[in-house]
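Undergrad: Dropping a structure here in structure tokens format, bear with me for questions.
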Amino acid sequence: MANNLKLDGATHDIIIGRGATRVEGLEYTAQLVKCRLLAVLNEWYADPNIGLPWFTDIMVKAPDLGLIEGLILTSIRGTPHVQVVTSIDLNLNHGTRTLSVTFEALSDWGIINSSVSLGGN
């Protein structure tokens, strides 16, 4: 079973020191999906195809919500151990320049319910 270091829920940083723990199963898969959604396309040298085009296609003046939903669905579905996305909701707030993504997906270990936000002033 795959596992990894647990990330801080607010900052997404690795927890260092005595608080460091590992995650596996459902928690690992949920964390992996969140990391992939927050990653910017081409930002990771080991695999430049991971991530989303946040600054070229998503957080633009006139965003195409259909395109954005498709990109996000593809990213979630392409995450290891995700079987199917059962629901997704996008909320674009033009005033705060924030995109919130709420989704539910079935993984090898159960149901993931999660939200991810990007942007802000």
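The values are calculated or read from the model by the stated rules, or taken from the named source; none is laboratory data. Since the structure is predicted, the reported quantities are computational estimates derived from the model, not experimental observations. When we count neighbours, we look across all protein chains shown, and the Cβ atoms used for this are built from the backbone with ideal geometry, even at glycine. Just so you know, the surface numbers come from the protein's heavy atoms only, side chains and all, with ligands and any DNA or RNA stripped out. Shrake-Rupley method; radii C 1.70, N 1.55, O 1.52, S 1.80 Å.
Undergrad: Which angle from 0 to 90°, rounded to the nearest 10, does the C-alpha axis of helix 25-38 make with the longest principal axis of the chain?
TA: The angle comes out near 30 degrees.
Undergrad: Just add up the charged neighbours of residue 99: K/R +1, D/E -1, any other residue whose Cβ is under 13 Å from the Cβ of residue 99. Walk me through the intermediate numbers first.
TA: Numbers: positive: 97; negative: 57, 64, 69, 89.
Overall, the nearby charge balance is -3.
Undergrad: Still on this model: Report ³J(HN,Hα) in whole Hz for each residue of the range 80-85, in order, from the Karplus equation J = 6.51 cos²θ - 1.76 cosθ + 1.60 where θ = phi - 60°; Gly and Pro get x.
TA: With the stated coefficients, the range 80-85 comes to x, 6, 8, 8, 7, 9 Hz.
Undergrad: List, in order, the whole-Hz ³J(HN,Hα) value for each residue of the range 110-115 obtained from phi through the Karplus relation with A = 6.51, B = -1.76, C = 1.60 and θ = phi - 60°; use x for Gly and Pro.
TA: x, 8, 9, 10, 8, 9
Undergrad: Hey, another quick one. Under a 5 Å amide H to amide H cut-off, with H placed in plane at 1.01 Å, what residues pair with residue 40 once short-range neighbours are removed?
TA: 52
Undergrad: Oh, and also: Expressed as an acute angle from 0 to 90° and rounded to the nearest 10, what is the orientation of the C-alpha long axis of helix 65-77 relative to the principal long axis of the chain?
TA: Long axis of 65-77 versus the principal axis of the chain: about 10 degrees.
Undergrad: Next question. Could you give the size of the charge dipole of the range 23-92 about its Cα centre, using +1 on the Cβ of each K and R and -1 on the Cβ of each D and E, expressed in debye and rounded to the nearest 20?
TA: Working: 4 positive and 8 negative charges, 11 e Å.
Using only the charged Cβ atoms, the result is roughly 60 debye.
Undergrad: I'd like the trypsin sites (Lys or Arg not before Pro) in the range 40-121 restricted to DSSP loop residues with at most 15 other Cβ atoms within 10 Å, sorted by number. Intermediate values should be presented prior to the final figure.
TA: Numbers: sites: 61, 77, 97; in loops: 61, 97.
In loop regions of the range 40-121 (DSSP not H, G, I, E or B), the sparsely surrounded trypsin sites (Lys or Arg not before Pro) are 61, 97.
Undergrad: Taking the Kirkwood radius as the inverse of the mean 1/r across Cα pairs, report the Rg/Rh of the range 60-121.
TA: Ratio of gyration radius to Kirkwood radius: 1.02.
Undergrad: Further question: Counting only protein heavy atoms and using a 1.4 Å probe, what share of the accessible area of the chain belongs to carbon plus sulfur, as a whole percent?
TA: Solvent-exposed carbon and sulfur of the chain make up 52 percent of the total.
Undergrad: While we're here: Are there chymotrypsin sites (Phe, Trp or Tyr not before Pro) in the range 13-45 that DSSP puts in a loop and that have at most 10 other Cβ atoms within 10 Å, and which ones?
TA: Passing both the DSSP loop test and the Cβ count: 45.
Undergrad: What's the magnitude of the charge dipole for the chain around its Cα centre, counting Lys and Arg as +1 and Asp and Glu as -1 at the beta-carbon? Answer in Debye, nearest 20. Don't skip to the end; give the middle numbers.
TA: Working: 8 positive and 12 negative charges, 45 e Å.
For this selection, approximately 220 debye.
Undergrad: Can I ask one more? Specify which residue in the list 60, 115, 14 is farthest towards the positive end of the charge dipole of the chain, using unit charges on the beta carbon of Lys, Arg (+1) and Asp, Glu (-1), about the Cα centre.
TA: Of 60, 115, 14, it is 14.
Undergrad: Something else now. What do the square roots of 5 times the Cα gyration tensor eigenvalues come to for the chain, in whole Å, largest first, as semi-axes of the equivalent ellipsoid?
TA: On the way: eigenvalues 117, 58, 39 Å².
With the √(5λ) rule applied to the chain, the semi-axes are 24, 17, 14 Å.
Undergrad: Counting only heavy atoms of the protein chains, get the accessible area per residue of the chain (1.4 Å probe) and round it to a whole Å² value.
TA: The answer is 61 Å² per residue.
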